[in-house]
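> I have a structure here, written as structure tokens, and I will follow up with some questions on it.
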Protein chains: 2
Amino acid sequence: MSNPFETDLDRNPANYQPLSPLTHLERAALVFPDHTAMIHGTLRRSYRAFFARCKQLASALADEGIGRGSTVSVMLSNTPAMLEVHHAVPMTGAVLHALNTRLDATILAFQLDHADCKVLIVDREFSELVRNALAQAKVKPLVIDYDDPDFPEDAPFAKGPCIGTRDYEEFLAGGSEDFERRAPVDEWDSISLNYTSGTTGNPKGVVYHHRGAALMGYANIIASGMARHPVYLWTLPMFHCNGWCFPWTLAVLGGTHVCLRWVRAKAMYDAIADHRVTHLCGAPIVMSTLINAPDAEKRDFSHTVSFNTAAAPPPESVLSQMADAGFEVVHLYGLTETYGPAVVNEWKAAWDELDPAARTRMKARQGVRYPALEDLSVRDPETMQPVPSDGETIGEVMFRGNIVMKGYLKNPDASAEAFAGGWFHSGDLGVMHPDGYIQLKDRSKDIIISGGENISSIEVEDALYKHPAIQSCAVVARPDEKWGETPCAFVELKPGAALSADEVIAHCRSLLARFKCPRTVVFQAVPKTSTGKIQKYILRQQAREGL
Amino acid sequence: MSNPFETDLDRNPANYQPLSPLTHLERAALVFPDHTAMIHGTLRRSYRAFFARCKQLASALADEGIGRGSTVSVMLSNTPAMLEVHHAVPMTGAVLHALNTRLDATILAFQLDHADCKVLIVDREFSELVRNALAQAKVKPLVIDYDDPDFPEDAPFAKGPCIGTRDYEEFLAGGSEDFERRAPVDEWDSISLNYTSGTTGNPKGVVYHHRGAALMGYANIIASGMARHPVYLWTLPMFHCNGWCFPWTLAVLGGTHVCLRWVRAKAMYDAIADHRVTHLCGAPIVMSTLINAPDAEKRDFSHTVSFNTAAAPPPESVLSQMADAGFEVVHLYGLTETYGPAVVNEWKAAWDELDPAARTRMKARQGVRYPALEDLSVRDPETMQPVPSDGETIGEVMFRGNIVMKGYLKNPDASAEAFAGGWFHSGDLGVMHPDGYIQLKDRSKDIIISGGENISSIEVEDALYKHPAIQSCAVVARPDEKWGETPCAFVELKPGAALSADEVIAHCRSLLARFKCPRTVVFQAVPKTSTGKIQKYILRQQAREGL
């Protein structure tokens, strides 16, 4: 029998339009044309001007044949150009590929070839590196130099040479403000490409779609508690999951982007005090930079600033110091494959009453699904059954919903593996607490198996972080003839602090079961990625190959 | 050539889930289980309990064969049962049809037959009326009585008899909390049916889908500036565009619904003061009720309350009195066909500096597209060209986007007409201001054509409202041998006020061109619909058939 509710009630242009973050900017330009869309050094640009420039850039790119199916790669810091490409490239129907500016030339070359880069926009901070990459790559893109007029005078690095055939401003000026956007045709159309910083093998190209990027616009606002006209400081690299989609999100509320080329304490405090920044995001290293800044670089501010952090649970001492400094810390978790954050530690008012240590334990949990994520689960990857919600049984964290990637570019096998059983497999191990909050226990490869017992390296690191002299640390497995593996701790001390290996081990024994305590302690700087993630694979290799 | 960004990157359950407001409630039950989801009289119900009851009700309905393609009709006030059906009915795959409780038995019978009602849930306040409707209807639904245990003791009407074969609580108790929802299969699946209060001919059944209702969850939050845990007072009937989708919206932020059977000043002030209501919605009549309440019924409150109003631009005096009383008024506009509000008067801080009259003029404009609406335009319905943005050229207000209805149920001709040219035709006439804000000038049938000149009845009403003795008014066309039509004003005076027709006309002449001033003034109560809209068709008939 026919269903009258599904008869003669079809999609048409009046009642169905593809979801896209491009509509967010269009609305902002209409509703808030005079509001400041971005601040960069001495530059102030309104939403009217921002939108007009994006259309010009899109028009100029389209004139070069860029459109559906082509890739525009960019090697840019958190500058106005980086904000513009986030809108202009998708307007043409093309895909934005933001390169991680800390990678080496070989990996950059691999990415440019794999992505089949047609146009490459390069900030002069990175021109030498990109020249090397292009020398190794097979593709021959149109190269456009971006010469930032607000390049700080006190920059730690000099500008490199021009390596392209066009100048960004001149190129953009050749486009038309009347450009009509060509995408998306379907909300499933691809909008961007972000390579994982895979620790083994070649990086994988994670593809996002317009639908997910549009929904992140709403989800980020809700998770971050943003009100109209937020002021957002760009401490999170936009090459990292498209800056967790905030380049698109801010348009929904007519927010102001405060650009930032380098994450330094003085610039951050100046922006917060001078521009009344309401929100910023970053790895724990950014919080350390804020907290440990010399007094001369700190500024007073009277408003509360919301700091979204991810990558590692914030230690107790960091949380309390951040609170003292006027920051409210929101703990998020996600992966490149989930558009950035897809899990939020939804904080409950009742937890404010807990003692500091208990509060930190609650804050350390990754949390619950993001508003736009349809499902989050911890499952046995073999049976695909959810683990019991006991806070103890370890399983793999899995995601399902509209802010999960389309898949890996030109890698159907990896995509199929990632989506096995109808869930995205994160590769992260965790538990489900009785109240429905998840907590990471480790990445599978970070589990240390010692004498048949699983040791969570996070748990050992948490114990280490409780020591007041420890600035940064990482624990990895060290091969051991007797035990199989033993925990090996790499420890970076605070400036001026002193500590012996025995003292470190004794400290851990006061907090942990004996088998979990490090057998080896190495004092050295802990290597981190550009986004502040500790590079455990380097340490793992070090522990394996001899210390 | 194949496009690698659209190859081997297809939808699968991990990366694509149908949008639905049902996921909002599921998340709220997971994240905020102990938070109060609803307050009704002495009742407090948590999100855990709310969700469990919805699943039970859905299970009980499914046991009766309710599912995809069936209709559940309800005749309910703004009670807990009304909130529950908004979630439980869609969980089964069925469509919710909320009857307007102010309609007469004949129209109710028409709707029940047209909707092919299978189950009808009836509050005992309306049982006599529904019994009459059922006597006229062809359908023979399962009738369930809802006997509200918190029916106010001071109710202006007595409860009617039980007319069904089942009791709501007993029926619900027979369902299982473990029910797994069956919908949506596709986000385009229908979720609800709302009949227009068409002034001519049979009402049309407007069909909403899960996709639009889910997106309204985000759009309402952004337009209303809602933060986490809003407290929402139910002054807007939920049978009106599903309460502008707020029954679903509040779950996104774990908000508290404060139920309200009747819109009376004392109950509103008590709720605001006792439950710290943050938001409420309603027609201008609700604002009048608040402002004109006797002092004994008013309560002090220290927080700002946001009042979303629609249906008519708020007059200056109302705005200033509302501000004095602690309310912030947001002016919205939309239609049943647009899920309720689809246009918002986005207020700019700069406008706060204007003098009161200029502020009111800015506030009177309907505004810009809602966050989840993709496009809003004022067009010539013949040529489909946009009118110039001059604030003067009148055209038809048109909508395009994902919060426009699927169409009219079993009425493909009306749907095709409404969607002609790829835009939804509102039937409302308006202008586009240079800054992109639209303003309604009139519904086409409300234009008075006098001596070949168009007169906007809204403009004349605005002038009338400036008179301090006038409580309510409406202007319609009166047939005239000489002029074709002349404006006829129906005027309701404030209690104790006195005014002559000549004084009314003289007042208008001081503000308007002479040809726009009423030729006839009738002093009488102005008839309004249950949602506070003035019933101009009654007055038009009165003006036509003799006064």
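> Take every DSSP beta bridge with both residues inside the protein assembly as shown and express the antiparallel ones as a percent of the total, to the nearest 5.
Taking every DSSP beta bridge with both residues in the protein assembly as shown, the antiparallel ones total about 55 percent.
> Let me ask another. Once all Cα-Cα distances of region A:424-535 are split into 10 Å bins that start at 0, what whole-number percent is in each one?
Spelled out bin by bin, region A:424-535 gives 14, 43, 33, 10, 0 percent.
> Using only atoms on other chains, find how many Cβ atoms lie within 10 Å of each Cβ of peptide B:227-239 and report the average.
1
> Counting each DSSP H run of 4 or more residues in the protein assembly as shown as -39500 (n - 2.57), what helix-only mean residue ellipticity at 222 nm follows after dividing by all residues, to the nearest 500 deg cm²/dmol?
Counting only the DSSP helices, I get -8500 deg cm²/dmol.
> Starting from the Cα gyration tensor of region B:131-225, multiply each eigenvalue by 5, take the square root, and state the resulting semi-axes largest first in whole Å.
Taking √(5λ) for each eigenvalue gives 29, 22, 19 Å, largest first.
> Another question, if that's okay. Tell me the relative contact order for region B:36-183 as a rounded percent, counting alpha carbon contacts under 8 Å between residues six or more apart.
Taking the mean separation of contacting Cα pairs over the length of region B:36-183, I get 29 percent.
> Separate question: Using label points projected 7 Å from each Cα along Cα→Cβ, tell me how many nm separate A:Glu417 and A:Gln535, to one decimal.
With each label placed 7 Å out from Cα toward Cβ, I get 2.3 nm.
> Right, next: What ranking of B:Val74, B:Val475 emerges when the number of other C-beta atoms within 10 Å of each C-beta is taken as an exposure proxy, fewest first?
B:Val74, B:Val475
> How high is the relative contact order of region A:294-341, in percent, with contacts defined as C-alpha pairs under 8 Å that are six or more residues apart?
Once normalised by length, the contact order is 39 percent.
> To continue, here is another question. In debye to the nearest 20, how big a dipole does region A:1-111 give about its Cα centre with +1 on each Lys and Arg Cβ and -1 on each Asp and Glu Cβ?
Here the size comes out at about 440 debye.
> Based on alpha-carbon atoms only, what is the radius of gyration of region B:53-98 relative to the globular estimate 2.2 N^0.38 Å?
Cα-based Rg divided by the globular estimate yields 1.01.
> How many Cβ atoms of partner chains, on average, are near each residue of A:398-404 if near means within 10 Å of its Cβ?
Per residue, the number of nearby Cβ atoms from other chains is 4 on average.
> May I have the extent of the alpha carbons of chain B along their three principal axes, as whole Å values ordered from largest to smallest?
Projected onto the principal axes, the Cα atoms of chain B cover 73, 69, 51 Å.
> Rounded to the nearest Å, what's the spacing between the alpha carbon centres of region A:1-33 and region A:217-292? Just the number, please.
Taking the Cα centre of region A:217-292 as reference, the centre of region A:1-33 is 30 Å away.
> Tell me the net charge near A:Val404. Cut-off is 12 Å between Cβ atoms, A:Val404 excluded, with +1 for each Lys or Arg and -1 for each Asp or Glu.
Taking every Cβ under 12 Å from that of A:Val404, the sum is +2.
> Taking R0 as 22 Å, what FRET efficiency do you get between A:Arg102 and A:Val139 from their Cβ-Cβ distance, rounded to the nearest 0.05?
0.55
> What is the angle, in °, between the Cα long axis of helix A:47-63 and the longest principal axis of the Cα atoms in chain A? Nearest 10 is fine, range 0 to 90.
The two axes meet at around 80 degrees.
> Note down the net charge around B:Lys55, summing +1 for each Lys or Arg and -1 for each Asp or Glu among other residues with Cβ under 9 Å from its Cβ.
-1
> On alpha carbon coordinates alone, what is the Rg over Rh value for the protein assembly as shown, Rh being the Kirkwood radius?
When Rh is taken as the Kirkwood radius, the ratio is 0.99.
> In the neighborhood of B:Ser46, defined by Cβ-to-Cβ distances under 13 Å, what is the net charge if each Lys or Arg adds +1 and each Asp or Glu adds -1?
That sum, taken over residues with Cβ under 13 Å, equals +3.
> How big is the charge dipole of the protein assembly as shown about its Cα centre, in debye rounded to the nearest 20, if each Lys and Arg gets +1 on its Cβ and each Asp and Glu gets -1 on its Cβ?
160
> I would also like to ask the following. Using 13 Å as the cut-off for backbone N distance, which residues of region B:22-47 belong to the label zone defined by a point 7 Å from the Cα of B:Asp270 along Cα→Cβ?
From region B:22-47, the list is B:40-43.
> Which entries of B:Lys441/B:Lys533; A:Lys266/A:Lys348; B:Lys138/B:Lys410 have Cα-Cα distances beyond 22 Å here?
A:Lys266/A:Lys348
> Taking 0.36 nm per residue of sequence separation and subtracting the Cα-Cα distance, how much length would be gained by fully extending the chain between B:Arg44 and B:Phe515, in nm to one decimal?
Between B:Arg44 and B:Phe515, full extension yields an extra 163.8 nm.
> What list do you get for B:Ser389, A:Ser302, A:Ser426, A:Ser190 if you sort them by fewest beta carbons within 10 Å?
Least crowded to most crowded, the residues run A:Ser302, B:Ser389, A:Ser426, A:Ser190.
> Further question on the same structure: Pairing the Cα long axis of helix B:80-91 with the longest principal axis of chain B, what angle in degrees results, from 0 to 90 and rounded to the nearest 10?
60
> Counting DSSP beta bridges in chain A, what percent are antiparallel, to the nearest 5?
Bridges in chain A that DSSP calls antiparallel: roughly 55 percent.
> Going by Cα centres, region A:92-108 and region B:399-459 are how many Å apart?
The two parts, judged by their Cα centres, are 47 Å apart.
> Okay, next question. List A:Arg182, B:Arg369 from most exposed to least, where exposure is judged by having the fewest other Cβ atoms within 10 Å.
With the sparsest Cβ surroundings first, the list reads A:Arg182, B:Arg369.
> Assuming a viscosity of 1.002 mPa s and a temperature of 20 °C, what translational diffusion coefficient in µm² per second does Stokes-Einstein assign to region B:36-183, Rh being the Kirkwood radius over Cα pairs?
Translational D for this selection: 139 µm²/s.
> Which value, in debye to the nearest 20, gives the size of the charge dipole of region A:451-545 about its Cα centre, when Lys and Arg are +1 and Asp and Glu are -1 at the Cβ?
Dipole size: approximately 160 debye.
> With unit charges on the beta carbons (Lys and Arg positive, Asp and Glu negative) and the dipole taken about the Cα centre of region A:427-543, which residue among A:Gly427, A:Gly532, A:Leu511 sits farthest to the positive side?
The residue sitting farthest along the positive end of the dipole is A:Gly532.
> Express in whole angstrom the spacing between the alpha-carbon centres of region B:162-195 and region B:471-493.
47
> Moving on. Which angle between 0 and 90 degrees, to the nearest 10, do you get for helix A:210-224 versus the longest principal axis of chain A when only C-alpha atoms count?
Helix A:210-224 sits roughly 50 degrees off the main axis of chain A.
> Per residue of B:23-36, what is the mean number of Cβ atoms on other protein chains within 10 angstrom of that residue's Cβ?
Per residue, the number of nearby Cβ atoms from other chains is 4 on average.
> Now, a different point. Only Cα pairs under 8 Å and at least 6 apart count here; give the relative contact order of chain B as a rounded whole percent.
Rounded, it is 10 percent for chain B.
Readers should treat all values here as calculations from the given coordinates under stated rules, not as data from a laboratory. Note that the coordinates shown come from a computational prediction; the quantities given were computed from them, not determined experimentally. Note: ideal-geometry Cβ built from the backbone for every residue, glycine included; neighbour counts use all protein chains shown.
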